[in-house]
1. Which residues, counting only those in the range 24-36, are aliphatic (A, V, I, L, M) and open to solvent by less than 50 Å² (accessible area, probe 1.4 Å)?
2. Tell me which residues, restricted to the range 88-103, are over 13 Å from H416 (Cα atoms) and either part of a loop (DSSP other than H, G, I, E, B) or at pLDDT below 95 (or both).
3. From E388, E372, grab the single residue that is in a helix (DSSP H, G or I) and modelled with pLDDT of 95 or more.
4. Take I76 and decide whether it is over 15 Å from I186 (Cβ atoms) and modelled with pLDDT of 95 or more.
5. For the range 209-231: of the residues being more than 23 Å from the chain's Cα centre (by Cα) and polar (S, T, N, Q), which is most open to solvent (accessible area, probe 1.4 Å)?
6. Please find, among K287, K315, the residue that is basic (K, R), at pLDDT 95 or above, open to solvent by 60 Å² or more (accessible area, probe 1.4 Å) and over 30 Å from N405 (Cβ atoms).
7. Go through the range 37-60 and report how many residues are of a type in the set (D, E, K, R) and either over 15 Å from the mean Cα position of the chain (by Cα) or open to solvent by less than 10 Å² (accessible area, probe 1.4 Å) (or both).
8. Mind telling me which of the residues T419, T400, T354, T338 ends up being of a type outside the set (D, E, K, R) and surrounded by fewer than 17 Cβ atoms within 10 Å (Cβ to Cβ)?
Amino acid sequence: LLLDLLPPGVCNLLNPAAIYANNEISLGDVEIYGFDYDYTLAQYSNLLHSMIFNTARDILIEQFKYPEGLGKYDYIPGFAIRGLHYDVQKSLLMKIDAFHYVQLGTAYRGLKPVPDEEVIELYGGTQHIPLYQMSDFYGKGPSLKQFMDIFSLPEMTLLSSVIDYFITHGIEFDQVHLYKDISDAIRDVHVKGVMYKWIEKDMEQYILHGDEIYAVLNRLVNHKKKLFLITNSPFSFVDKGMKHMVGKNWRDLFDMVIVQADKPNFFTDRRKPFRKLDDKGSLQWDKINQLEKGKIYKEGNLFDFLRLTGWRGSKVLYFGDHLYSDLADLMLRHGWRTGAIVPELETEIRIINTEQYMHSLTWQQALTGLLERMQMYQDAESKQVLLEWMKERQEIRSLTKNLFNPQFGSIFRTFHNPTYFSRRLVRFSDIYMASI
């Protein structure tokens, strides 16, 4: 029976360096390539996460007057994964699948898992979370927030650590205030530019794949493609990073560079006009009637950008790492092509290619096939066998989940369903890959 039960190709090796497509796209038709900067052109090492965690933790203690005992908590690499939802009112961090069901075994309050029965009780006797609570277009619901970017890994870990401290010490707290304080502390690390200083001080240690970025951009320019950059980061930071990766003449490769763009507002709000920066990064006051090659612009909005460049529709391909604030509007409102950068893809594919994963997957498929074929036998003895198979399948599922991340599993899969993150990835990107 076994060979009969397994779908063909269940164990084909995948290539971590491949480009995966959600939608049919002809790269021959793409004339203009656009890029985000952080985590798209510049990929950062995980060292950055513990720096963000520690700094935000210290802001909570020193400025927000949180208990000093929090200082004992350090960043836990690999605690959280991207795409998780946080229920602010219930202080629950959890993984939700594409059909709005909480994956049991992946709901955490603080650093400890919450029993399945309690999770079901908290949601009125079901694992399902209704759409109106889940999220608006950008992953923020009235009480649920989805963590979508790579910078949110330290934020989720800090949130869980602070809740852990309060619960362990029996301290009462207001969930909404706590959540807001932590996101403010994390925002301060970015807004006050502390993070930029660390990276500028030690590019070698923080920036990955520099030489490859140089090769990709040069190849595109040599094939007569136009390039542009739209980033929320400030010019001096981008300039130093690009000089490190691409060389001092990096700006010659780009037709347009827009910094401090304030995405996602850049894509939706018509109010902010473009301003030009001189070579030293100082703002100019003159009105912008054209976007010139080699010049640096600040703020602005997409509507002026389209009007001044005439770049429209599917001849433009834009790359970013944040599905909501980089890609959603461009695809849905403006018909641009989009490419998502998902660095986790590389690690996850390596795991999928292991002997252990292959074995678990084939055996899960086989058990599922057996259960489907044999479920009509309802006598006592057969029922017992079916129950044993279901139990075994459940055990293998847990083992497989733990190969990716012991707390939350894979960012793409919830057992046999896609995750909510996966569904958004398919909806908002034409293609996706681990790095440019």
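The values are calculated or read from the model by the stated rules, or taken from the named source; none is laboratory data. In this text, all values refer to a predicted model and were calculated from it rather than measured experimentally. Note: ideal-geometry Cβ built from the backbone for every residue, glycine included; neighbour counts use all protein chains shown. To get the accessible areas, we keep the full protein, side chains included, count just its heavy atoms, and leave off ligands, DNA and RNA. Shrake-Rupley method; radii C 1.70, N 1.55, O 1.52, S 1.80 Å.
1. Hits for the range 24-36 are I25, V30, I32.
2. V88, Q89, K90, S91, H100 - these are the residues of the range 88-103 that are over 13 Å from H416 (Cα atoms) and either part of a loop (DSSP other than H, G, I, E, B) or at pLDDT below 95 (or both).
3. E388
4. Taking the combined requirement at face value, the residue satisfies it.
5. N222
6. The match here is K315.
7. So the answer is 2.
8. Step by step, each of T419, T400, T354, T338 is checked, and only T354 is of a type outside the set (D, E, K, R) and surrounded by fewer than 17 Cβ atoms within 10 Å (Cβ to Cβ).
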